[in-house]
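Step one of this worksheet: look at the structure below.
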Amino acid sequence: MQLTIEKAAVLKEVPMEVKSFGKIFTDYMFVMDYTEGEGWHDAKITPYSAVPFDPAACVLHYGQGIFEGLKAYKNSDGTIRLFRPRANFERLNRSAKRVCMPEVDVDFVMKALIELIKLEARWVPSAPDTSLYIRPFMVASEAYLGVRAAQQYKFFIILSPSGPYYAKGLEPVDIIVEDYYVRAVRGGLGEAKTLANYAASLQAGEEAKLKGYSQVLWLDGVEKKYIEEVGTMNIMFKIDGKVITPPLTGTILPGITRDSVIQMLKHMNIPVEEYRLSIDEVVKSYEAGKLEEIFGTGTAAVISPVGKLVYQDKEMTIDHYAEDSVSMRLYKELTGIQTGKIADPFGWVTIVE
Ligand code: COI
């Protein structure tokens, strides 16, 4: 398939510094269309603009849509790096299957992304804790009100120079364990990056915010007993020297940062285990003085230490995120690899050239 580039008549001014997440958008975006029987077509990089949708477009009624999130980093010599971009497109294809959408050609969208980033190089920030957040997404565009998989889709990549995801920057976040609402159940959509999962999380998130928490920690949807994830990040607990994270049993997102962190911990000779950790076990380890660290992992969240975890009337406070804590070591190592400050022994980085 041909990739065409339509140049913008006027370019925007790049802000001197970025502190927000996902609020500023660059000059261009990538877009392509899918029609059943024809496949993907009309791939182009085009000036960033509002997109006309038929009011009957399936995504607007039945939520058939998926997305991804990855980042580009610029170091002091101007080199731009992408972190595990293929893994994102591969996961997009797994999400696509789960909601009956067409897969994309990973080699082609990689090529399109690299062309887009080259064109937008001036938008990739280089200040510490900033990056160009990349949002690929696919939606059902067919105008049809019957409930079935659509026959037309649009795939986009948009770019947003961003700072840290949480308003408090890299300070530890406070999280409340959600024991009423559920995010996903086995056999549901939990492991796919679908729009519906995020819509399902909003009410609990808003109620948590009113109580002063950044996010909720989800428990399993059946027994409300086992730890799942936070919704914007996977979660890890350091208990008695060992890092524990829930296994991928179909209800949580298979995070690329989660997978990277597990590999990094093994490389650092820090014990790491994936098992169904119950909230009771977390509370018991806290009471026994063995809950050493809690941290989230995610593209947007990077490594986010949790300062306070609240479950019903139990408040667990963790205040030792010193330089030598596992969270801080992981943060430095991961961002070091992503920005090129330290060598990448895993082969995760793609240099844009
Ligand atoms: C990401 O980390 O890229 C995510 O998808 C979380 C996002 C919903 C902010």
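Okay, residues lined up against (1) acidic (Asp, Glu); (2) within 16 Å of the ligand (Cβ to nearest atom); (3) touching an Asp or Glu at 6+ places or on another chain (Cβ under 6 Å):
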site	(1), (2), (3)
GLY250	no, no, yes
ASP259	yes, yes, no
MET268	no, no, no
SER285	no, no, no
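Regarding region 65-73, can at least one residue be identified that is more than 28 Å from GLY250 (Cβ to Cβ), within 15 Å of the ligand (Cβ to nearest atom) and of a type in the set (Phe, Trp, Tyr)? Yes, there is a match, as at least one residue in region 65-73 is more than 28 Å from GLY250 (Cβ to Cβ), within 15 Å of the ligand (Cβ to nearest atom) and of a type in the set (Phe, Trp, Tyr).
Residues considered: VAL185, VAL139, VAL177. Of these, the only one that is β-branched (Val, Ile, Thr), within 30 Å of LYS74 (Cβ to Cβ) and more than 16 Å from the chain's Cα centre (by Cα) is VAL139.
Give region 74-86 a look and list any residue that's charged (D, E, K, R) and either within 13 Å of the ligand (Cβ to nearest atom) or within 16 Å of GLY255 (Cα to Cα) (or both), or say none.
Quick first cut of region 74-86, residues charged (D, E, K, R) only: 74, 77, 81, 84, 86.
Result: ARG84, ARG86.
With the requirement that a residue be in a helix (DSSP H, G or I) and open to solvent by 10 Å² or more (accessible area, probe 1.4 Å), what does region 92-116 give you? Walk me through it before giving the result.
Step one: filter region 92-116 for residues in a helix (DSSP H, G or I), giving 92-98, 106-116.
Hits for region 92-116 are ASN93, ARG94, LYS97, ARG98, VAL106, ASP107, PHE108, MET110, LYS111, ILE114, GLU115.
Tell me, yes or no, whether region 255-267 has at least one residue that is open to solvent by 60 Å² or more (accessible area, probe 1.4 Å), assigned to a loop (DSSP other than H, G, I, E, B) and over 26 Å from GLU315 (Cβ atoms). Within region 255-267, none of the residues are open to solvent by 60 Å² or more (accessible area, probe 1.4 Å), assigned to a loop (DSSP other than H, G, I, E, B) and over 26 Å from GLU315 (Cβ atoms). Residue-level analysis places ILE235 among those that are crowded, with 18+ Cβ neighbours inside 10 Å, under 20 Å from the mean Cα position of the chain (by Cα) and under 23 Å from MET316 (Cα atoms). Residues in region 145-182 that are aromatic (Phe, Trp, Tyr), buried (at least 17 other Cβ atoms within 10 Å of the Cβ) and assigned to a loop (DSSP other than H, G, I, E, B): TYR165, TYR166, TYR181.
Those strands (runs of 3 or more DSSP E) of region 268-345 in which at least 2 residues are crowded, with 20+ Cβ neighbours inside 10 Å and modelled with pLDDT under 95, considering only elements entirely within it, cover 302-311.
Taking the criterion of being assigned to a loop (DSSP other than H, G, I, E, B), closer than 20 Å to VAL109 by Cβ and more than 16 Å from the ligand (Cβ to nearest atom), the residues of region 1-53 that qualify are MET1, GLN2, GLU6, THR26, ASP27, GLU36, GLU38, TYR48, VAL51. If you go through region 183-227 and keep only what is part of a loop (DSSP other than H, G, I, E, B), away from the ligand (no atom under 15 Å from the Cβ), more than 26 Å from MET328 (Cα to Cα) and open to solvent by 50 Å² or more (accessible area, probe 1.4 Å), you end up with VAL185, ARG186, GLY187, LYS211, VAL222, GLU223, LYS224, LYS225. Sub-7 Å Cβ pairs linking a first residue in region 300-320 that is in the same structural domain as TRP218 (by TED's automatic domain parsing) to a second residue that is assigned to a loop (DSSP other than H, G, I, E, B) and away from the ligand (no atom under 16 Å from the Cβ), at least 6 apart or interchain, are PRO305/PRO172; PRO305/TYR321; VAL306/PRO172; VAL306/ILE318; GLY307/PRO172; GLY307/ILE318; GLY307/ASP319; GLN312/ASP179, ordered by first then second residue.
The values are calculated or read from the model by the stated rules, or taken from the named source; none is laboratory data. Everything numeric in this text was worked out from a predicted model, so none of it was measured. A quick note on method: Cβ atoms are made from the backbone with ideal geometry, for glycine too, and the neighbour counts reach across all protein chains shown. Note: areas computed on protein heavy atoms with side chains; ligands, DNA, RNA excluded. Shrake-Rupley method; radii C 1.70, N 1.55, O 1.52, S 1.80 Å.
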